[in-house]
Amino acid sequence: MELQLGLALPPPPLIPIETFDLNSYGNYETREALGSNALSWPLLKLGPADNDINNIHHHSSSSSSSSSCSSGGGAGCKKRSFDEAPFFDEKRNVPKTLHLLLWTNQPNDEDDDPSNVLHENSSSAIFKNDGEGLVGWPPVKTWRKKVHHQIPNGGAENNRLPAVENGIGGRASKSTYVKVKMEGVPIARKIDLSVHHSFEGLTNTLMRMFGISDGNPKIFKLTYQDREGDWLLAEDVPWRTFICSLKCLKLIRSRG
Amino acid sequence: MQKEMAYSFPDEVLKHVFSFIQSDKDRNAVSLVCKSWYEIERWCRRKVFIGNCYAVSPRMVIRRFPEVRSIELKGKPHFADFNLVPDGWGGYVLQWIAEMAGAYPWLGEIRLKRMVVTDESLELIAKSFKNFKVLVLFSCEGFSTDGLAAIAASCKNLRELDLRESEVDDLSGHWLAQFPETCTSLVSLNISCLGSDEVSFSALERLVDRCPNLRSLQLNRAVTLDKIANILRRAPQLVDFGTGNYAAELQPDVFSNLAGAFSSCKELKSLSGFWDVVPAYLPALYSICPRLTSLNLSYATIQSPDLIKLVSHCPRLQRLLVLDYVEDSGLEELASSCKDLQELRVFPSDPFGVEPNVSLTEQGLVAVSLGCPKLQSVLYFCRRMSNAALVTIAQNCPNLTRFRLCIIEPKTPDYLTLDPLDAGFGAIVEHCKDLRRLSLSGLLTDHVFEYIGTYGKKLEMLSVAFAGDSDLGLHHVLSGCESLRKLEIRDCPFGDKALLANAAKLETMRSLWMSSCAVSFGACKLLGQKMPKLNVEVIDETEPPDSRPESYPVDKLYIYKSVAGPRFDMPPFVWSMDEAVKILH
């Protein structure tokens, strides 16, 4: 038995906000009461197409489910549930989630074409450029992620790894994120250095992060503080040196 | 007649009776009995717990409870642990400290979780509270060793300093030396999160020497194995110890020194640390293993045979945290050796690898469920699962209160039948009637949420990712889970309908997090307008949500109940849907 939600069906393209009378909705209703409380709103029934989906997923008949999921295992099923979920068939702006499932943009693509920027930072972007695919998945705390870099040998050759195994010198070993401040902006941000391999890529990401237009990239200079506490210009040193000795970054306005 | 009864006890008597009531729930109930009980109770409440620092303002707390001695605050949403909450989101403690500095001169305990704590805050704590005893900074950030130095120097009767899992800027290693020679009061010190060169070991040794009540000590990774013996001999009364680095070339004298030091600790029940373990040094622990109730080996990259040997010496183990190097074979050994096991956490050694690197499957967890009848709390990362296994686990462990399963690849189906895992998780919620916390993973349809809504009556916290087919799923949870307090959802096809239909439910919960779902900006605005008791916040780092059509889904949404109104410290990428706040910054 499918649950019937007492909700107004939105006429395309927008949800009719006026017809949602939340004030008449006191404490949340039990399932049984909902059906009878359909007076305020027309019922939304799951249509035939949806029943098919439900049949595929609910019933234990292995033939139908295996046909839906056998190809590529998880990937095949992902596509199905998003493509056929009823609400995404409505005539309204199709959310970016649909397209992003097919998106194969490489995580380290540093092309700063505006449309790519929109995709990468799009509100529903599942894949972000943290070098590891999904943001925050699997749900392992940052400092636990680094364990697998260690040599999984228990033997005597298991050297005590330096605390800087990720190549970023002088930092607490648990994170590849460094703090970035911009002159004039009170709130510092953090950036994951492990996904960048050049000054150009890093600068592009920083420009995007702080919302600086690409029109005049020369007005800002990238500086960094090294392990000894000195502030240096990033472009004066090779990338490897920069990565190994930096502690934090700062964007300053260049004069002249 | 009833009126006379209410006033028949003098206030002092009531106060005395209330002093035996410690739990917040009970205290809140007491305060609702009548006006005079409310008044008496509020003047004698000493401990306040605030699960969301934005649910109430410092001023409101101070106004109602003028004599607080201990406060606990939580800041960022749980998903901040996985980098889903952008930096600068909030959770600043400074304002709280500043207001409490004036109002609570006798404040003795501050416990914070996921908050931004600056050196300025720490310095303010150090100089404002003369009787300061306990500072716990759990998963906090924003401070440096300078702030710690201020605490060490000023807090003459400090009992607890616990920095677990916090991010600390290392500026100088000498803050430990700031503890005055007169400080002998330490009971608990946890500096395991500090980076390499942040601790002066000689200062630490002297501190341990002069604190005879030290019960809990967690060292950081920089402390080498050869130093452990020195510390333990100075503190044989330790109950809870976290080693630093547990690696060194095997030398007989170092080994026997270490083994002797451990055996002198007759009270030691809990061990952690164990970075970079050399298995040859594990037998040094054998003398204390029979007493161990808690073992955290989640940083120890040792293989199953060594783990099996260690665990088989610990028959009293109640809590085990371990990497998936333990494998199914290790868990089978655990199941046969440790009948008192209550909590098991298995972490992934290679979370981002596509192929499994260890032989850890659902079988390990099934074995533990069979062998350990007292199992209550599970956190398990694996790469495959079946409905049959979950049903078995549910039937074996009806006392589970926390069940968090993470199948590493999103939307992985039952590996035997290729079905969704609805039935398996359904069995968990059906059999485990006291389940309070549940995290889902694998291929899941709306059906699993129907089970959860039907059976999960005691469920307080639910974490959902890459699951469900439609709003029906979310509706099942919001309408069915009576005890739900925290709901966090990412990458699910849940949109406006269920949320708007269950808007009132949100006022009974602490918070709701939804990211990469399908909730439209229009729906967020509607919620913000219609629900004044909720703060509805939209997070978007790329552009203001109103620069796009209203039907466009928002990136991240955080809704929480609050009596303090919209907050004032929102960064540019957080938009409040409160009508009174201008949407455009």
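The values are calculated or read from the model by the stated rules, or taken from the named source; none is laboratory data. These figures come from a predicted structure and were not determined experimentally. Note: ideal-geometry Cβ built from the backbone for every residue, glycine included; neighbour counts use all protein chains shown.
Quick check on residue B:216: is it out of contact with any Cys (no Cβ under 6 Å at 6 or more places or on another chain) and modelled with pLDDT under 95? Criteria not met by residue B:216.
Scanning region B:543-566 for residues that are out of contact with any Asp or Glu (no Cβ under 6 Å at 6 or more places or on another chain), surrounded by fewer than 19 Cβ atoms within 10 Å (Cβ to Cβ) and farther than 16 Å from residue B:496 by Cβ yields a total of 7. Comparison of B:257, B:296, B:230 shows that the only residue that is within 14 Å of chain A (Cβ to nearest Cβ) and out of contact with any His (no Cβ under 6 Å at 6 or more places or on another chain) is B:296. For region B:474-512, a residue qualifies if it is over 22 Å from residue B:422 (Cβ atoms), in contact with a helix residue (DSSP H, G or I) (Cβ under 7 Å, 6 or more places away or on another chain) and at the interface with chain A (Cβ under 10 Å from one of its Cβ atoms), and the qualifying residues are B:496, B:500, B:501, B:503, B:505. Entry remark, region B:282-309: residues being within 25 Å of residue B:353 (Cβ to Cβ), out of contact with any strand residue (DSSP E or B) (no Cβ under 8 Å at 6 or more places or on another chain) and not in a loop (DSSP other than H, G, I, E, B) number 4 in total.
What are the residues in region B:527-573 that are in a loop (DSSP other than H, G, I, E, B), among the hydrophobic types (A, V, I, L, M, F, W, C) and facing chain A (nearest Cβ under 9 Å), if any? Spell out the reasoning first.
The first filter runs over region B:527-573 and keeps only residues in a loop (DSSP other than H, G, I, E, B), leaving B:531-533, B:540-544, B:548-552, B:554-555, B:562-573.
Now drop any that are not among the hydrophobic types (A, V, I, L, M, F, W, C), which leaves B:531, B:554, B:563-564, B:568, B:570, B:573.
If the condition is that a residue be in a loop (DSSP other than H, G, I, E, B), among the hydrophobic types (A, V, I, L, M, F, W, C) and facing chain A (nearest Cβ under 9 Å), then B:531, B:554 are the ones that fit.
Considered as a group, the residues in region A:170-189 that are surrounded by 17 or more Cβ atoms within 10 Å (Cβ to Cβ) and at pLDDT below 75 include one that is farthest from the other protein chains (Cβ to nearest Cβ), and that residue is A:176. Scanning region B:87-102 for residues that are closer than 27 Å to residue B:540 by Cβ and aromatic (Phe, Trp, Tyr) turns up B:89, B:92. Scanning region B:348-365 for residues being of a type outside the set (Ser, Thr, Tyr), modelled with pLDDT of 95 or more and surrounded by fewer than 23 Cβ atoms within 10 Å (Cβ to Cβ) gives a total of 1. Tell me, please, whether a residue that is of a type in the set (Ser, Thr, Tyr), surrounded by fewer than 22 Cβ atoms within 10 Å (Cβ to Cβ) and within 11 Å of another protein chain (Cβ to nearest Cβ) can be found in region B:515-526. Scanning region B:515-526, I find no residue that is of a type in the set (Ser, Thr, Tyr), surrounded by fewer than 22 Cβ atoms within 10 Å (Cβ to Cβ) and within 11 Å of another protein chain (Cβ to nearest Cβ), so the answer is no. Would you call residue B:85 in a loop (DSSP other than H, G, I, E, B), among the hydrophobic types (A, V, I, L, M, F, W, C) and within 28 Å of residue B:574 (Cβ to Cβ)? Answer is yes for this residue.
Residues that are under 13 Å from the mean Cα position of the chain (by Cα) and more than 10 Å from every other protein chain (Cβ to nearest Cβ) within region B:73-109 comprise B:73, B:74, B:75, B:76, B:77, listed in sequence order.
Scanning region B:526-585 for residues that are over 25 Å from the mean Cα position of the chain (by Cα) and basic (Lys, Arg) yields B:530, B:533, B:548, B:582. Would you confirm, using the coordinates I've provided, whether residue B:250 is surrounded by 18 or more Cβ atoms within 10 Å (Cβ to Cβ) and either in a loop (DSSP other than H, G, I, E, B) or at pLDDT below 95 (or both)? For residue B:250, the condition - surrounded by 18 or more Cβ atoms within 10 Å (Cβ to Cβ) and either in a loop (DSSP other than H, G, I, E, B) or at pLDDT below 95 (or both) - is not met. Residue count for region B:253-265 under the criterion of being among the hydrophobic types (A, V, I, L, M, F, W, C) and either outside any helix (DSSP H, G or I) or farther than 17 Å from residue B:280 by Cβ (or both): the result is 1.
Across region B:453-480, the number of residues qualifying as under 21 Å from residue B:396 (Cα atoms) and under 23 Å from the mean Cα position of the chain (by Cα) comes to 4.
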